[in-house]
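Structure first, then comments.
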Amino acid sequence: MARKRTTITMEVTRFRPGEDSEPTLQSYEVPLRKEWAVLDGLNHIKDHLDGTLSYRWSCRMGICGSCGMTVNGKPQLSCATFLVDYAPGPVRVEPLRNFPVIRDLVVDISDFMTKLPKVKPWLIHEGETPEGEFLQTPQEMDEYKKYSMCINCMLCYSACPVYALEPEFLGPAAIALGQRYNLDSRDDGDRRDVLASAEGVWACTFVGECSTACPKGVDPAGAIQRYKLTAAVAALKDFLLPRGARR
Amino acid sequence: MTAFHNIVVVGGGGAGLRAAVAIAEANPLLSVAIVSKVYPMRSHTVSAEGGAAAVIAEGDTIDEHAYDTVSGGDWLTDQDAVEAFVEEAPKELLRLEHQGCPWSRRPDGHIAVRAFGGMKKKRTWFAADKTGFHLLHTLFQTSLSCSDIVRYDEWFVTKLLSDEGRVHGVVAIEMATGRIETIIANAVIVCTGGCGRVFPFTTNANIKTGDGMALAYRAGAPLKDMEFVQYHPTGLPFTGILITEATRAEGGWLLNKDGYRYLQDYDLGKPTPEPVMRSMELGPRDRLSQAFMHEHAKGRTIDTPYGPVVHLDLRHLGAQVIDTKLPFVRELCSKYERIDPVKELIPVRPVVHYMMGGVHTDINGATPVEGLYAAGEVACVSINGANRLGSNSLPELLVFGARAGQAAAEYVRTLQKGSTSAAYAQGRDEERRLTKELRKHDAGTERIADIRTEMQTTMEDGAGIYRDGDSLDKAFVKLHELRERFDRAAVDDHSTTFNTELVALLELDFMLDIAQSIVACAIKRTESRGAHQRTDFPKRDDEKFLAHSLVHRPNKVEYLPVTITRWPPGERVYGR
Ligand SMILES: Cc1cc2nc3c(=O)[nH]c(=O)nc-3n(C[C@H](O)[C@H](O)[C@H](O)COP(=O)(O)OP(=O)(O)OC[C@H]3O[C@@H](n4cnc5c(N)ncnc54)[C@H](O)[C@@H]3O)c2cc1C
Ligand code: SF4
Ligand code: FES
């Protein structure tokens, strides 16, 4: 009987732009334990084998959105992806695609951070704020609930072929977050200028990779499709109705 | 390089964001900056699951919330702070509702509330079991509408600048570039969260290394009640991931290896099929974690490779309740334990969760150092006393974040112009220290992770759920040795770009200070109260210790009487 493997090889991208001429893969042998996430493997490397490896992580429970990486070619949360699922290995860990690399597995997400405020991801309420809470039934909440589950992990941007070619594209998560407020019964905001712009929903060719990649079931592709319909109807109304009767 | 802001908020979690917005609202002319070592929405507040307590339900009263909090804290709470807290908590949660937070609802559209440990009434607002996530993202996204708040995302604060008892700003490293900057400010609010990573097994995220406590301590502010570390009774073995108390509020049971609801043996009430407030599984966390230790001593826990466990049983709740009220719990169990709580028992054990102690502040977040404020888990106001009640922390972030923001804005308004030349000089010194630090550790021989691990096991062994004079003394000596070894810690990474090894070194430096302060306070408190249980002094001693410990650098402990307004010390009664 073959002995059960007790280690697995991790091939990890090393790159310091400006210092190294190009990214290289470095191999490390780490223990293969049934509980270990890919992140535990990286932490083992950092703590015991090579302190110079850089990557982000914090919550290690799939909620803070820090630890997105490309694992064997797919965008994943490294804290919620397990080494045993890649046994016997090797498992290849690279930075998220479609982002500039700062160092090793750390990518620059400032593009998203600048785009996010553009969709006005806050509640816009016209008229008086009630003394108590706004009433909102569980059914009304269901309308937007899944779009509010985004942890900003950037896996969808990494998976999106449009974002790869059109860096101006607002992108899946930002649009889903705009929709999250549009569909909230408490919100009266108008986000059309941004969402229906050339960089907004119309840039999307509906590939759907974003929803497949999303670890939190946000379904940004669905949000985009749904908003295309809203925008089309609104445009038609603008065309047909006199001012004042719109909305 | 230098920059200037009227007020610098260190930390972009619940407390920091709330403070920054409060400043912008109090005086839009002030320049406010948030400096945070992670993007704000990555802050640890994001992990909070169960909910946030505030009186809103019919039949509930502010006084009952206050009493539950005071008795839950074993009378070490300052009652004036508790009164302000329970009064302002509902307004803060409503404010978040108005900003779009998706609080779970009743069918009629009103806010729903759930039961929580140690609370006599249902008063915990929740957003399914991702309350902190929704709270943080709502705060963060709303803060984006306030373009006046300047953000330093992924900047690590290494020092508070202070001179003659007054604070003048911070020094921080920009992670992406390694640039070291002196940021001058009239006031600084520290909102850096807790320090669970001082222990080996914790629910806390990697960033919770007590930085702000150490920063303030080094700047001359005393730390308060550091011996009170909360163990949550239900963490998943190995990862330490929290299984929220809401599981028990919804009706979950704790079972020992014989399938017996063992809490009935520990003066926590009688088992009933339906949950009863302040009873059994809805008792306070300190008592539940202690009960686990006794079960273990009696040989009634289950051994696993990751330590002894008991079982949390949710099976009788059914898929429908679990999926609507506790979906994240199901997700976490399936991912990290490969079990389905609808059909299987969840293995759990006590896990370090929350720091009751922290930077000593008054009711407005002001520390004894002029211009220095603190709010959130990093601070000790104190509303949590010797044991925090679950779901009191999130509203605490908001109430005292807002108060600290307002107080700092007011302080800056009335401030006399002072000289900042000393601050600039200190900034330059710190820059030199950091550069030198790196070079010194070049030749190091000790691994950072080894020292860190030894510190963590030292704390667990010496200052865990039960402690005694002996175990604490040993821990103190060991920590001293680790401090010496820290000087020889190796840093192999010489890059200025996103150097996480340097960050790990600086965090370990902070944690060693915090670990020592915890042990120093625990040695001096020769009584048992709440989360501080001394086997050599098993009784509460109000005569000597109805008082906060205040520890000054280096490890000098004194006491400050507790503020009592309406609830004289009494017996903590649960389940009877
Ligand atoms: C798993 C879990 C579940 C919980 N569930 C609940 C619950 O249901 N209800 C409840 O009331 N409480 C709960 N708590 C407790 C509560 O979540 C925390 O006490 C609270 O979120 C702390 O918030 P904070 O704003 O003080 O700090 P954090 O959210 O931890 O934020 C700290 C901030 O400080 C910054 N920072 C730290 N050090 C530095 C530095 N050196 N330089 C720059 N920036 C720095 C970080 O970047 C971060 O932005 C839970 C805690 C845990 C661990
Ligand atoms: S939509 Fe999904 S994949 Fe995209 S950032 Fe949000 S959580 Fe991540
Ligand atoms: S570490 Fe937070 S999502 Fe992975």
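The values are calculated or read from the model by the stated rules, or taken from the named source; none is laboratory data. Given the structure is predicted, the values throughout are model-derived calculations rather than measurements. Heads up, the Cβs are rebuilt from the backbone with ideal geometry, glycines too, and the neighbour counts pull from every protein chain shown. When the accessible area is computed, the model is the full protein with side chains, heavy atoms only, and any ligands, DNA or RNA have been set aside. Shrake-Rupley method; radii C 1.70, N 1.55, O 1.52, S 1.80 Å.
Residues in segment A:139-148: is at least one closer than 22 Å to A:Ile63 by Cβ and in contact with an Asp or Glu (Cβ under 7 Å, 6 or more places away or on another chain)?
Yes, that holds for at least one residue.
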Open item on the list: Against the condition out of contact with any helix residue (DSSP H, G or I) (no Cβ under 8 Å at 6 or more places or on another chain), over 21 Å from A:Cys64 (Cα atoms) and either away from every other protein chain (no Cβ under 13 Å) or open to solvent by less than 10 Å² (accessible area, probe 1.4 Å) (or both), how does B:Arg114 come out, does it pass?
Closed with: no
Open item on the list: Residue under question is A:Gly171, and the condition is that it be at positive phi and small (Gly, Ala, Ser); does it hold?
Closed with: yes
- [ ] Could you tell me which of the residues B:Gly210, B:Gly132, B:Gly220 is within 23 Å of the chain's Cα centre (by Cα), at pLDDT 95 or above, closer than 24 Å to B:Glu454 by Cβ and small (Gly, Ala, Ser)?
- [x] B:Gly210
Open item on the list: Quick test of your reading of the structure: B:Glu64 fulfils all but one of (1) surrounded by 24 or more Cβ atoms within 10 Å (Cβ to Cβ); (2) in contact with a Lys or Arg (Cβ under 7 Å, 6 or more places away or on another chain); (3) free of Cβ contacts under 8 Å to residues at least 60 places away in the same chain. Name the failing condition by number.
Closed with: (1)
Task: segment B:1-43, residues that are part of a helix (DSSP H, G or I), surrounded by 21 or more Cβ atoms within 10 Å (Cβ to Cβ) and not hydrophobic (A, V, I, L, M, F, W, C) - done: B:Gly14, B:Gly16, B:Arg18, B:Pro40, B:Arg42
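Name every residue in segment B:222-249 that is more than 14 Å from ligand 1 (Cβ to nearest atom) and at positive phi, in order of residue number.
B:Asp225, B:Phe238
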- [ ] Output the residue which, of all residues in segment A:200-245 that are within 15 Å of ligand 2 (Cβ to nearest atom) and hydroxyl-bearing (Ser, Thr, Tyr), is surrounded by the most Cβ atoms within 10 Å (Cβ to Cβ).
- [x] A:Tyr227
Task: Candidates B:Gly220, B:Gly194, B:Gly251, B:Gly269, filtered to the one that is within 14 Å of chain A (Cβ to nearest Cβ) and either part of a loop (DSSP other than H, G, I, E, B) or within 19 Å of B:Thr304 (Cβ to Cβ) (or both) - done: B:Gly194
Task: Unique match (being more than 30 Å from A:Glu133 (Cα to Cα), out of contact with any helix residue (DSSP H, G or I) (no Cβ under 7 Å at 6 or more places or on another chain) and outside the structural domain of A:Phe99 (by TED's automatic domain parsing)) among A:Leu155, A:Leu165 - done: A:Leu165
Open item on the list: Would you confirm whether or not segment A:21-34 contains a residue that is aliphatic (A, V, I, L, M) and within 16 Å of ligand 1 (Cβ to nearest atom)?
Closed with: no
Task: Check on B:Asp68, away from ligand 1 (no atom under 15 Å from the Cβ) and at pLDDT 95 or above - done: no
Open item on the list: Considering only segment B:425-437, I want to know if a residue exists there that is in contact (Cβ under 8 Å) with a residue 12 or more places away in the chain, more than 21 Å from B:Lys159 (Cα to Cα) and away from chain A (no Cβ under 14 Å).
Closed with: no
TODO: Just need a number here: residues in segment A:130-186 that are within 14 Å of chain B (Cβ to nearest Cβ) and assigned to a loop (DSSP other than H, G, I, E, B).
DONE: 17
Open item on the list: Go through segment B:397-430 and report how many residues are of a type in the set (Ser, Thr, Tyr), open to solvent by less than 50 Å² (accessible area, probe 1.4 Å) and assigned to a helix (DSSP H, G or I).
Closed with: 1
TODO: Only residues that are at pLDDT 85 or above and open to solvent by 40 Å² or more (accessible area, probe 1.4 Å): list them for segment B:431-444, please.
DONE: B:Glu431, B:Arg432, B:Arg433, B:Thr435
Open item on the list: From the list B:Glu92, B:Glu97, exactly one residue is assigned to a helix (DSSP H, G or I), touching a Pro at 6+ places or on another chain (Cβ under 8 Å) and either within 14 Å of chain A (Cβ to nearest Cβ) or within 16 Å of ligand 2 (Cβ to nearest atom) (or both). Which is it?
Closed with: B:Glu92
Open item on the list: Just checking, does segment A:227-239 include any residue being more than 16 Å from ligand 1 (Cβ to nearest atom), small (Gly, Ala, Ser) and modelled with pLDDT of 95 or more?
Closed with: no
TODO: Give A:Arg92, A:Arg97, A:Arg60, A:Arg103 a once-over and let me know the one that is within 13 Å of ligand 3 (Cβ to nearest atom) and either of a type outside the set (Phe, Trp, Tyr) or under 22 Å from B:Phe328 (Cβ atoms) (or both).
DONE: A:Arg60
TODO: Please find, among B:Ala84, B:Ala89, B:Ala48, the residue that is surrounded by fewer than 23 Cβ atoms within 10 Å (Cβ to Cβ) and within 24 Å of B:Gly132 (Cα to Cα).
DONE: B:Ala84
Task: Residues within segment A:1-24 that are open to solvent by 80 Å² or more (accessible area, probe 1.4 Å) and more than 26 Å from B:Thr453 (Cα to Cα), tallied - done: 9
Open item on the list: Can you find, within segment A:146-172, the residue that is nearest to A:Ser185 (Cα to Cα) among those that are open to solvent by 40 Å² or more (accessible area, probe 1.4 Å) and away from ligand 2 (no atom under 12 Å from the Cβ)?
Closed with: A:Glu168
- [ ] Working only within segment A:123-141, note down all residues that are in contact with a helix residue (DSSP H, G or I) (Cβ under 8 Å, 6 or more places away or on another chain) and either touching a residue at least 60 places away in the same chain (Cβ under 8 Å) or outside the structural domain of A:Asp190 (by TED's automatic domain parsing) (or both).
- [x] A:Leu123, A:Ile124, A:His125
TODO: Just give me the residues in segment A:99-116 being facing chain B (nearest Cβ under 7 Å) and more than 16 Å from the chain's Cα centre (by Cα), in sequence order.
DONE: A:Ile102, A:Arg103
Task: Number of the condition not met by A:Asp20 [criteria: (1) over 20 Å from B:Ala176 (Cα atoms); (2) within 14 Å of chain B (Cβ to nearest Cβ); (3) of a type in the set (Asp, Glu)] - done: (1)
Task: Number of the exception - A:Thr114 against (1) more than 16 Å from ligand 3 (Cβ to nearest atom); (2) within 21 Å of B:Ile241 (Cα to Cα); (3) free of Cβ contacts under 8 Å to residues at least 40 places away in the same chain - done: (2)
- [ ] Scan B:Gly193, B:Gly169, B:Gly220, B:Gly178 and give me the residue that is more than 24 Å from A:Val106 (Cβ to Cβ) and open to solvent by less than 30 Å² (accessible area, probe 1.4 Å).
- [x] B:Gly169
